[in-house]
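**Student:** Before anything else, here's the structure in question.
The values are calculated or read from the model by the stated rules, or taken from the named source; none is laboratory data. These numbers were taken from a predicted model, which means no experiment stands behind them. Glycine gets a Cβ as well: all are built from the backbone with ideal geometry, and neighbour counts include every protein chain shown. Surface accessibility is based on the protein's heavy atoms, side chains included, excluding ligands, DNA and RNA. Shrake-Rupley method; radii C 1.70, N 1.55, O 1.52, S 1.80 Å.
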Amino acid sequence: MTQHDCPTYAEVLIAGPGRALDRPFTYSVPERLRGVVGIGSCVFVPLGKQRLAGYVIGLTSRPPAFQTRDIISLLVDEPLFDEDQLKLAAWVAKRYQAPLADALRCVLPPGASRQAVVEVELTEAGRGEDALGRLGAAPRQLQVLEVLWQAGGKLTRRKLQEQAVGRQGMTAAGLAAALAALERKGLVVVRRTLRRPATRTLTRQVVKLLDEAESWPDVIEALYAKAPRQAEVIERLVEAGDDAVPLAELHRSAVRALERRGVVHVFHQQVERLPDRSGLGEEEPENLTLTPAQAQILAWVKKHLGRPHPPALLIRGVTSSGKTEVYLQSIEQALRCGGGAIVLVPEISLTPQMVGRFRARFGDELALLHSALSPGERYDEWQRIARGDARIVVGARSAIFAPVKNLAIIVVDEEHERAYKQSNSPRYLATAVAYARARASGALLIMGSATPSVETYYRACNPHDDSIALMELTQRIDNRPLPEVEIIDLRAETLLGRGQTFSQRIREEIQARLERGEQVILFLNRRGFSTFVMCRQCGFALRCPDCGVALIYHHNTKTMRCHHCDYFVPVPDKCPNCGSYDIKFAGLGTERVADRVEREFPGAVVARMDRDTVSHKGAYGQILRSFARGEANVLVGTQMIAKGLHFPRVTLVAVLNADTGLHRPDFRAAEQTFQLLTQVAGRAGREDKPGIALVQTYNPNHYAIAAAARHDYITFYTKELAARRQNLYPPFVELANLVFVDEEESNAHSYARRCAATLQQMGVGLKEGQVQYVGPAPAPLHRLRGKYRYQLLIKAPDILQLQNVLQELQNRLKHIPSKSIIVDVEPYDMM
């Protein structure tokens, strides 16, 4: 395609904040940029009196019906996304009612700023002795070369301007003209890239031969007689071929002598940050022998891998049934066919042993993407993936957008996890994005869970929906038994006057396990020491001024802290309301549980794992390694310890309060309770020693708790599905939760009422009709971070009708500030 055949107009999405700019603007592509600007290009454009960065999201040769302005320049040489990534971002924006600019951020390199940096570097010709001869009478160009020579051959455009302009009459315009001329002569190269994260760039000095002489053997032989060190350096560099050799591995004096003679080039080479691999586990790299059930699933995968538009696969496998090995061997099959893979885990720091198995199996072909990495580490891993150096990506939900080459397989482990839901715009569900990306790319999607989400299992079992196949692993490896689960009725314990932390049964079992040298896991999904502090005289309880919830007492910091906004105050000596010193610390958190274990069991060495103890980098791995080595024999924790962990010596798991989330005002409360209990019970008896799980509850007859005790997913699913059908919740409808927020309660309430009135004008009924709404009502968490919250639910029979209603609704509610409306499609948190 010639320059004249290239598109002459570009649709540019401005990279600035705000919904007002969430539409593309049309610009002319100047002749010098035709064939250079493409989809994903980052460009500099005029907008009003401003000049802003933007992304090209469309190209055409058809002139618009209005006058256009030219694109000023290309800010980054390489496109930041391709057409497939743009289509995925557009799908996310439409499905989750988010600005396209927000969705595009998902496919851009993480950690990089949206600013471009221009670097000027001498070419090999520019470093050579004949560079001056190629200049001719060009003093300005000579000045630029001299500055670059003095700087070691490379400078940013800004640094070059600072050092050159004003020197011997050089102007900014003269510098630009000199650079353009030097680039045409092949003496410099100008590169435009995204500015790297604001962290120290890691570099090392490396050495390379300047010439590719065929007579190096003769030169080496001659040098050995008079300068043997220099001969050794040249010999090593010849062996390295095109690769540079670190200066630290060579004789420095000999290298400097060769540099002065113009034989070698010494320069700084950027060193990529590799994520810390400690704490990922040391696992066997070889394939394990598959059980017949595993082999049957792998055969299905081999049959469908590489086929156009294969169905997704849901593996329902009990805990410790070998799902991970199926993932590993499925990915190996994809790699043999030249494909790449994405593996999603709910939170990578919570599954170190699983990630360790992937690292042992695939080595440097594996890249990690998760929030615990530094900005530099995330950026470098993303670049490794984009170059094709890493063919397998393991990461949390955002890894679904990784630019994997030839994507052949996507694995979503623990498919049911709420961690796959993004909490801010775009509020995507990673499992849904995985399905969409697999369909678009022809990749095979594998989802696995011991407790699949009701929606996914319903689709897999629906005879009229062939989009998801279902296969099951019903036995643990080596037919080891599932742990026996015993329910302890706390109502009886309370009547007997026993302590509320440990029932007598749990006390006895803890003591017995410690005496036998075994390990114990104690689970309570609430951190802190006491859940509230109350005055015994007047009943006053300390609350967060911004969220209106009770402050939690943290013993180690002697503070009262809000778990929603992190507001904290010192523990009061007396009641702020009446002045009484009779202060009561009530409720139970993981910190108090750990304290009581140490007090009541002399032989216990306790490790605690919650958000407070793993706040610094590497803490999670340190705690797990300590427990795995047997340095601690009791692990107390929140849901962080419920999944992905394998400790052979753990024979007792005790759930201290199974009711913590059971009565939340959320239609998924029972499902999440069942899933959590099943997962945490599955940590017991995973090797030769049989395990037991003890569950304390005030609701022993609730179907979620009773089914979890029997490891009976089907009974739970049947009862839960009936409740969802009766109350019209997913999978029988598509759901959107609209939350209206404002610092003034009257405003938030008014916005919600206006929304309800607008829906009625649109023909959407209150709790009736195909598309209906429920509410508005105060959100269960009515005040959060200083803002009042009202919510309204919209239910529709399919996603298309829901999208249409939401789009029209937002068009009619433009008079409400956009920051005051939160639209959450496929909500996972109704609080």
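**Student:** Among Val739, Pro700, Thr673, whose Cα sits farthest toward the positive end of the charge dipole of the chain (+1 at Cβ of Lys/Arg, -1 at Cβ of Asp/Glu, about the Cα centre)?
**Tutor:** Val739
**Student:** Right, another one. Give, as a single signed number, the net charge of other residues whose beta carbon lies under 13 Å from the beta carbon of Leu792, with Lys and Arg counted +1 and Asp and Glu -1.
**Tutor:** +4
**Student:** Using helices alone, I'd like the mean residue ellipticity at 222 nm for the chain: each DSSP H run of four-plus residues gives -39500 (n - 2.57), total over residue count, nearest 500.
**Tutor:** For the chain, the value works out to -10000 deg cm²/dmol.
**Student:** Answer with one residue from Gly763, Leu813, Tyr828: the one whose Cα lies farthest towards the positive end of the charge dipole of the stretch 727-831, charges on Cβ with Lys, Arg +1 and Asp, Glu -1.
**Tutor:** About the Cα centre, the residue reaching furthest to the positive side is Leu813.
**Student:** Once you charge only the Cβ atoms, +1 for Lys and Arg and -1 for Asp and Glu, what is the size of the charge dipole of the stretch 308-431 about its Cα centre, to the nearest 20 debye?
**Tutor:** Once rounded to the nearest 20, the dipole reads 200 debye.
**Student:** Greater than 25 Å separation of Cα atoms is the criterion. Which listed pairs, Lys421/Lys558; Lys87/Lys303; Lys87/Lys405; Lys719/Lys767; Lys767/Lys819, meet it?
**Tutor:** Lys421/Lys558; Lys87/Lys303; Lys767/Lys819
**Student:** Then there is this: Just going by the charge dipole of the chain, with Lys and Arg at +1 and Asp and Glu at -1 on Cβ, which of Leu160, Leu524, Gln205 is farthest out on the positive end?
**Tutor:** Checked the options; the winner is Leu160.
**Student:** Of Lys584, Lys154, which has the most accessible area with a 1.4 Å probe, and how do the rest follow in descending order?
**Tutor:** I get Lys154, Lys584, largest accessible area first.
**Student:** Can I ask one more? From the convex hull of the Cα coordinates of the stretch 729-831, what is the mean projected area in square nanometres?
**Tutor:** If I average the Cα hull's projected area over directions, I get 5.9 nm².
**Student:** Right, another one. For the stretch 701-777 and the stretch 566-591, what is the separation of their C-alpha centers, rounded to whole Å?
**Tutor:** Using only Cα atoms, the two centres lie 36 Å from each other.
**Student:** Rounded, prolate or oblate, given the Cα gyration tensor of the chain, with a/c below 1.5 counting as rounded?
**Tutor:** Prolate shape, in that a/c is at least 1.5 and a/b is the bigger ratio.
**Student:** So with the 1.4 Å probe, I'd like the accessible area per residue for the chain, rounded to whole Å².
**Tutor:** Solvent-accessible surface per residue comes out at 45 Å².
**Student:** Carbon and sulfur together cover what percent of the accessible area of the chain at a 1.4 Å probe radius?
**Tutor:** 49
**Student:** Cα gyration tensor of the stretch 394-550, axes a ≥ b ≥ c as square roots of the eigenvalues: rounded (a/c below 1.5), prolate (a/b > b/c) or oblate?
**Tutor:** Oblate is the answer for the stretch 394-550, as a/c is 1.5 or above yet b/c matches or exceeds a/b.
**Student:** Under a Cβ-only charge scheme (Lys and Arg +1, Asp and Glu -1), can you give me the dipole magnitude of the stretch 416-475 about the Cα centre, in debye to the nearest 20?
**Tutor:** Here the size comes out at about 320 debye.
**Student:** Of Asp243, Asp582, which has the most accessible area with a 1.4 Å probe, and how do the rest follow in descending order?
**Tutor:** Asp243, Asp582
**Student:** Size of the dipole of the chain about the Cα centre, Lys and Arg at +1 and Asp and Glu at -1 on the beta carbon, nothing else charged, in debye to 20?
**Tutor:** 2080
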